[in-house]
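J.: This is the structure, below, for whatever I ask next.
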Amino acid sequence: MAQNQPIHRHYETVYLVRAEALDPDCEAIKKRLTDAIENGKGKVVRWENWGKRKLAYELQKQQKANYFYVNFVMQQDTVSEIDRNLRIIEQVLQFQTVRIAETVDMDKFDFEGESKKKTPLYLTPEEAAQREKEYREAWGEAAGFTDDDDADGDDDVGDDREVVR
């Protein structure tokens, strides 16, 4: 790499959007970040929507949030633009950007191979349903599943059982 060329680095960002945010709002955030990456002489490797999940702790009076993941390569001195955009978008509750690789040669980087990878948290709806089915079959009642459990996971374990005193 020539001495006067800017250094590109490989990054990933996870950001949380309010649970009540509509799809057009989430798409607008995605477009805004994509534009910031491309304006920073970078390229998006892949996007993942991890879906709506319960937060580990309350954020801005929110119990749940939509989780999004973006993997990208861009110039090191322009990554702060991603953080700035996420900081000023009201729908974004929290975010974190992590550097994966110190230097990337844009001509040699395997964008196609990287785009096919998935993070362990990303599952298609079909994969998620299959895993849940397998888990229920393997563990059943021992795992606390009951007939009235729903996808939100906000049921109390065993709430359909009689309380014996």
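J.: Check off (1) modelled with pLDDT under 90; (2) within 30 Å of Ala129 (Cβ to Cβ); (3) assigned to a helix (DSSP H, G or I) for Lys118 and give me the number that stays unchecked.
T.: Looking at each condition in turn, Lys118 falls short on (3).
J.: Hey, could you check region 76-85 for residues that are more than 17 Å from the chain's Cα centre (by Cα) and crowded, with 18+ Cβ neighbours inside 10 Å and say which is modelled with the highest pLDDT? Steps first, answer last, please.
T.: Keep residues of region 76-85 that are more than 17 Å from the chain's Cα centre (by Cα), which gives 76-81, 84.
Next, from what is left, pick out any that are crowded, with 18+ Cβ neighbours inside 10 Å: 79, 81.
Details: Val79: 87, Glu81: 91.
The residue in question is Glu81.
J.: If you don't mind, another one. Do we find a residue being at pLDDT below 80 and assigned to a helix (DSSP H, G or I) anywhere in region 143-160?
T.: Yes, there is a match, as at least one residue in region 143-160 is at pLDDT below 80 and assigned to a helix (DSSP H, G or I).
J.: Let me ask something else. Can you name the residue in region 1-57 that is among the polar types (S, T, N, Q) and outside any strand (DSSP E or B) and, of all such residues, is modelled with the highest pLDDT? So that I can check it myself, show each step before the final result.
T.: Of the residues in region 1-57, the ones among the polar types (S, T, N, Q) are 3-5, 13, 34, 39, 49.
Narrowing the set further to residues that are outside any strand (DSSP E or B) leaves 3-5, 34, 39.
Values: Gln3: 59, Asn4: 69, Gln5: 76, Thr34: 95, Asn39: 92.
Per the criteria, the residue is Thr34.
J.: Can you find, within region 17-59, the residue that is nearest to the chain's Cα centre (by Cα) among those that are open to solvent by 100 Å² or more (accessible area, probe 1.4 Å) and touching a residue at least 12 places away in the same chain (Cβ under 8 Å)?
T.: Ranking the candidates gives Lys52 first.
For every residue, the table says whether it meets (1) open to solvent by less than 30 Å² (accessible area, probe 1.4 Å); (2) closer than 15 Å to Thr119 by Cβ; (3) in contact (Cβ under 8 Å) with a residue 24 or more places away in the chain; (4) in a strand (DSSP E or B).
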{"position": "Phe68", "(1), (2), (3), (4)": "yes, yes, yes, yes"}
{"position": "Asn71", "(1), (2), (3), (4)": "yes, yes, yes, yes"}
{"position": "Arg87", "(1), (2), (3), (4)": "no, no, no, no"}
{"position": "Val98", "(1), (2), (3), (4)": "no, yes, yes, yes"}
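J.: Oh, and also: Does Val92 meet the test of being touching a residue at least 24 places away in the same chain (Cβ under 8 Å), out of contact with any Cys (no Cβ under 8 Å at 6 or more places or on another chain), of a type in the set (A, V, I, L, M, F, W, C) and over 16 Å from Gly42 (Cβ atoms)? Even if it seems obvious, please write down each step before you answer.
T.: Numbers: touching a residue at least 24 places away in the same chain (Cβ under 8 Å): yes; out of contact with any Cys (no Cβ under 8 Å at 6 or more places or on another chain): yes; of a type in the set (A, V, I, L, M, F, W, C): yes; over 16 Å from Gly42 (Cβ atoms): yes.
Judged against the criteria, Val92 is a match.
The values are calculated or read from the model by the stated rules, or taken from the named source; none is laboratory data. Predicted model, so just to flag it, every value in this text is computed and none were measured. For neighbour counting, all protein chains shown are included, and Cβ atoms are generated from backbone atoms with ideal geometry for every residue, glycine included. To get the accessible areas, we keep the full protein, side chains included, count just its heavy atoms, and leave off ligands, DNA and RNA. Shrake-Rupley method; radii C 1.70, N 1.55, O 1.52, S 1.80 Å.
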